[in-house]
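The values are calculated or read from the model by the stated rules, or taken from the named source; none is laboratory data. Small disclaimer: the values here were computed from a predicted structure and weren't measured. Backbone-built Cβ (ideal geometry, glycine too); neighbour counts: all protein chains shown.
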Amino acid sequence: MKNLKLILPFAVVALAACSQRVNTIKEQQNPDTTVTAVNTDSLTAVMKIKSTINSGEPVLFGFDVQNPTTKPLRFLKWYTPFEAPMSKFLDITNAQGEEVAYKGPMAKRVMPPPADSYLEIKAGGKSFAEIDLLKVYDLKPGQQYTISYNSASVSGLKVSQQVSFRYE
């Protein structure tokens, strides 16, 4: 009987791990926008930015979350563009691999997150947010930049690929 009490929890964990579903969405590109996506926990996170941005224009970075399931799902909007810039949730590097300085605010958070810190996406729905990277990162004209999302462990959204752009 003691052995059964020890084995049963391990069996439950092993079976739960086997049922995890992960889908991958093919990388999409067009001349004006670079888009990459990975589906995790049924919510699809997609980063978007124009491939070339001229100096003097805003550097608009888009973040799209889609729910392809038949039930509403939610994610923590902290460390995403779905809240005003309050943290460094992107790693931006230039062509030489040097990290671009983050110059925005760094908020301290209350744990656990309050209910209004989550965003619900309806079944089959999506939500899009956009921020101007010039307001929170020290970008210099004449550079090629690569962006990686670094806050999957906080928001629950995973974007495993990167997007790049040239700032003219």
Subset of the stretch 135-164, residues out of contact with any helix residue (DSSP H, G or I) (no Cβ under 8 Å at 6 or more places or on another chain), within 26 Å of Gln66 (Cα to Cα) and assigned to a loop (DSSP other than H, G, I, E, B), comes to Val136, Asn150, Ser151, Gly156, Leu157, Ser160, Gln161, Gln162
Across the stretch 91-115, the tally of residues that are among the acidic types (Asp, Glu) and over 19 Å from the mean Cα position of the chain (by Cα) stands at 1
In this structure, does Lys26 turn out to be at pLDDT 90 or above, more than 17 Å from Ser164 (Cβ to Cβ) and not in a strand (DSSP E or B)? no
Which numbered condition trips up Lys108, out of (1) of a type outside the set (Val, Ile, Thr); (2) touching an Asp or Glu at 6+ places or on another chain (Cβ under 7 Å); (3) over 15 Å from Phe61 (Cα atoms)? (2)
Which one is nearest to Asn54 (Cα to Cα), of the residues in the stretch 119-158 that are in contact (Cβ under 8 Å) with a residue 60 or more places away in the chain and of a type in the set (Asp, Glu)? Asp132
Residue by residue through the stretch 63-73, note down the ones that are assigned to a strand (DSSP E or B) and either among the β-branched types (Val, Ile, Thr) or at pLDDT 95 or above (or both). Val65
Go through the stretch 80-125 and give me each residue that's exposed (fewer than 15 other Cβ atoms within 10 Å of the Cβ), of a type in the set (Asp, Glu) and outside any helix (DSSP H, G or I). Glu98, Glu99, Glu120
Near pairs, Cβ below 9 angstrom, 6+ apart or cross-chain, from the stretch 49-65 (surrounded by fewer than 17 Cβ atoms within 10 Å (Cβ to Cβ)) to any residue that is of a type in the set (Ser, Thr, Tyr): Ser51/Thr33; Ser51/Thr34; Ser51/Ser164; Thr52/Tyr167; Asn54/Tyr167; Ser55/Tyr167
Meets criteria (among the β-branched types (Val, Ile, Thr) and closer than 19 Å to Ile49 by Cβ) for Thr80: yes
